[in-house]
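Colleague: There's a structure below that I have some questions on.
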Amino acid sequence: MLFSSIPFLYYFLPIVLILYFIAPKVLKNSVLLISSLVFYAWGEPKYIFLMIATVLSGYALGLLIEKFRGKALSKVFLGLALLIDLGALAYFKYADFFIENFNAVTGLSVPLLKIALPIGISFYTFQILSYNIDVFRGTVKAQRNPINLATYVALFPQLIAGPIVRYKDIETQLTQRKHSFSKASEGIRRFIIGLSKKIILANTLGELCDIFMQSGDKSVAFYWLFAISYMLQIYFDFSGHSDMAIGLGKILGFEFMENFNYPFISSSITEFWRRWHISLGTWFRDYVYIPMGGNRVGKLRLLINIFTVWFLTGFWHGAEWTFAIWGLYFGVFLTIEKFFLTDFLKKNKVISYIYTFFLVAISFVLFSAGDMKQAVSYIGGLFGAGNTPLVSNEFLYYFKSFGTVILIGIIGATPLPKKIIEKLSINDGFEKAWEIIEIPLLVALLIVSTAYLADGSFNPFLYFRF
């Protein structure tokens with residue numbers, strides 16, 4: 001089931017909220033757990049058993065890890081937890097990738113398993129892994145109540161598209177969260193904004209990207225229009241889902257971490273990754289990079305650490321070489337910045353913004369490609385390779401058709417609208433007017449988004465690969 005669907009918005013969510021708020025405190029997590037399992041089973045009925053098995057193994061191993069903490073057996077049980085969770089992820093997500101590459105290297109024809117990827121497996125696997133690792137470290141206590149742990153892992157607001165919520169961040173909230181009208185209203189506001197970003201902006205930009213991919217009249221200008229549109233589509237789709245998850249969390253009394261912080265205003269690749277998919281970046285930092293030694297090692301080992309983390313970061317996104325190379329691409333420029341460019345970028349702000357935009361745009365063209373051949377073709381097209389014309393008739397037509405949406409997207413991807421409202425809010429008259437205008441505006445956004453859905457408009461789900 002998708003957030004951006006009529007069944008979720010007007011059937012599932014209202015029923016869940018009614019049941020949740022009328023349930024006594026002791027049953028609220030049970031209501032959330034059952035609702036989350038129904039939510040997941042709606043699209044993946046057979047893989048619900050995989051998720052339940054993952055939760056149960058994580059629960060049992062968490063208790064054993066804590067029981068023997070400080071002893072060798074604790075490491076054994078942690079290793080078993082890593083083996084089970086990463087093994088399941090490797091099997092369901094990467095088995096066919098490994099077989100394809102094995103066949104390519106050996107010339108053999110080992111048949112593919114053709115396993116359907118369980119939606120959200122990368123997200124909930126990382127969550128249960130962080131729980132077991134934190135229990136091993138003594139950062140958190142093992143959860144004695146299996147319903148509470150299952151609720152944490154399966155919680156439907158963040159189950160299929162993040163953010164990656166760590167157990168230690170919501171451990172207390174699982175039993176002692178607070179509900180209020182002000183928090184719920186803030187959550188509703190955040191959810192509607194996220195839904196609008198997804199439906200009105202991301203989906204519209206996605207239509208243009210789809211048109212480009214099918215076009216036979218590509219030009220350098222059209223390639224760059226695609227690059228900018230795809231960047232914005234991914235941003236509004238992913239950050240829109242994060243907004244919806246954070247908003248739903250607030251309605252239910254939870255506080256989830258922010259996942260995006262205006263990444264396109266970054267003046268370096270380092271800053272970009274502090275602002276983009278924050279929950280993933282901090283997960284790899286805390287559970288891979290730092291345990292490997294982080295920055296506290298020699299230069300050679302530091303390079304190994306950086307490229308290992310960024311290879312894994314890219315590979316996490318999907319079982320294709322394009323994703324692994326996408327991660328290594330960022331690893332290269334992060335390394336260059338770390339050793340050579342930091343001071344220069346700080347002193348030359350205009351150049352730093354152009355440099356960052358240019359590299360990020362190319363990275364997402366690579367990210368969009370289905371394979372390396374297409375990636376090379378697309379990136380070459382940005383620079384006129386293969387006698388690609390500078391401008392085409394299709395570019396002119398679609399630039400006129402989608403130009404306004406792209407402009408709105410560019411402005412909306414910056415803090416400018418928020419800063420303007422905050423500055424105007426200093427005036428008491430504007431603040432009172434905004435209080436009156438905001439609710440009808442949010443209702444209008446919800447109506448427009450619903451109209452798009454009811455009309456059967458382009459509404460892709462970008463997270464099947466995760």
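The values are calculated or read from the model by the stated rules, or taken from the named source; none is laboratory data. Keep in mind the model is a prediction, meaning the values are calculated, not measured. Cβ sites come from the backbone with ideal geometry, for glycine too, and all protein chains shown count toward neighbours. Only protein heavy atoms, including side chains, enter the accessible area calculation; ligands, DNA and RNA are left aside. Shrake-Rupley method; radii C 1.70, N 1.55, O 1.52, S 1.80 Å.
Colleague: Considering the dipole of segment 179-229 built from charges on the beta carbon (Lys and Arg +1, Asp and Glu -1) around the Cα centre, which of 214, 188, 227 is farthest to its positive end?
Modeller: Value computed over the given set: 188.
Colleague: From the cross-link list 218/373; 198/250; 141/338; 25/141; 299/347, which pairs have alpha carbons spaced over 27 Å apart?
Modeller: 141/338
Colleague: Tell me the label-point distance for the pair residue 94, residue 108, using the 7 Å Cα-to-Cβ offset, in nm and rounded to one decimal.
Modeller: Result for the modelled spin labels: 1.9 nm.
Colleague: Rank 151, 176, 140 by how far each Cα sits towards the positive end of the charge dipole of segment 103-207 (+1 on Lys, Arg Cβ; -1 on Asp, Glu Cβ) and give me just the farthest.
Modeller: Ranked along the dipole, the leading option is 176.
Colleague: Based on Cβ point charges of +1 for Lys and Arg and -1 for Asp and Glu, what charge dipole magnitude is obtained for segment 252-357 about its Cα centre, in debye rounded to the nearest 20?
Modeller: My answer is approximately 440 debye.
Colleague: How much accessible area per residue does the chain have, counting only protein heavy atoms and a probe of 1.4 Å, in square angstrom?
Modeller: 47
Colleague: So, one more: Given the DSSP H assignment, sum -39500 (n - 2.57) over each helix run of at least 4 residues in the chain and divide by its residue total; what's the result at 222 nm in deg cm²/dmol, nearest 500?
Modeller: On the way: 22 runs with 314 residues, N = 466.
Computed ellipticity for the chain at 222 nm equals -22000 deg cm²/dmol.
Colleague: Separate question: Taking only C-alpha pairs under 8 Å that are 6+ residues apart, what is the relative contact order of segment 295-425 in percent?
Modeller: Worked out over segment 295-425, it gives 15 percent.
Colleague: OK, next. Mind checking which lysines have their C-alpha under 16 Å from residue 432, skipping anything on the same chain fewer than 8 residues away?
Modeller: 423
Colleague: Of [x] 28.9, 115; [y] 22.8, 66; [z] 23.2, 74, which is the value of Rg and Dmax of the Cα atoms in Å derived from the coordinates here?
Modeller: Correct label is [z].
Colleague: Sticking with this one: Placing +1 at every Lys and Arg Cβ and -1 at every Asp and Glu Cβ, with all other atoms neutral, what dipole size does the chain have around its Cα centre, in debye to the nearest 20? It would help to have the intermediate numbers written out before the result.
Modeller: Working: 40 positive and 29 negative charges, 317 e Å.
Computed about the Cα centre, the dipole is about 1520 debye.
Colleague: May I ask which residue of 32, 70, 51 lies farthest towards the positive end of the charge dipole of segment 31-94, with charges of +1 (Lys, Arg) and -1 (Asp, Glu) on Cβ and the Cα centre as origin?
Modeller: Going by the charge dipole, the pick is 70.
Colleague: Roughly speaking, what is the stretch gain from residue 390 to residue 115, that is 0.36 nm per residue apart minus the C-alpha to C-alpha distance, in nm to one decimal?
Modeller: Difference between extended and current length: 94.7 nm.
Colleague: Scan segment 54-83 for chymotrypsin sites (Phe, Trp or Tyr not before Pro) in coil per DSSP, keeping those whose Cβ has at most 16 other Cβ atoms within 10 Å, and list them by number.
Modeller: Loop-located and lightly packed - 68.
Colleague: Sticking with this one: Report the charge-dipole magnitude of segment 318-464 in Debye, nearest 20, computed about the Cα centre from +1 at each Lys and Arg Cβ and -1 at each Asp and Glu Cβ.
Modeller: Using only the charged Cβ atoms, the result is roughly 480 debye.
Colleague: Give the distance, in whole Å, between the Cα centre of segment 210-259 and the Cα centre of segment 326-358.
Modeller: 23
Colleague: For residue 296 and residue 215, FRET efficiency with R0 = 51 Å and r from the beta-carbon atoms, rounded to 0.05?
Modeller: On the way: r = 50 Å, r/R0 = 0.98.
Computed FRET efficiency for residue 215 and residue 296: 0.55.
Colleague: Using the Kyte-Doolittle scale, which helices in the chain average at least -0.5 and also have C-alpha atoms spread 30 Å or more along the helix axis, with helices defined as whole DSSP H runs?
Modeller: What comes out of the filter, once short or polar helices are dropped, is 220-251, 428-454.
Colleague: Let me ask something else. Of the accessible area of the chain, with the probe set at 1.4 angstrom, what percent is carbon plus sulfur?
Modeller: Carbon and sulfur atoms account for 68 percent of the accessible area of the chain.
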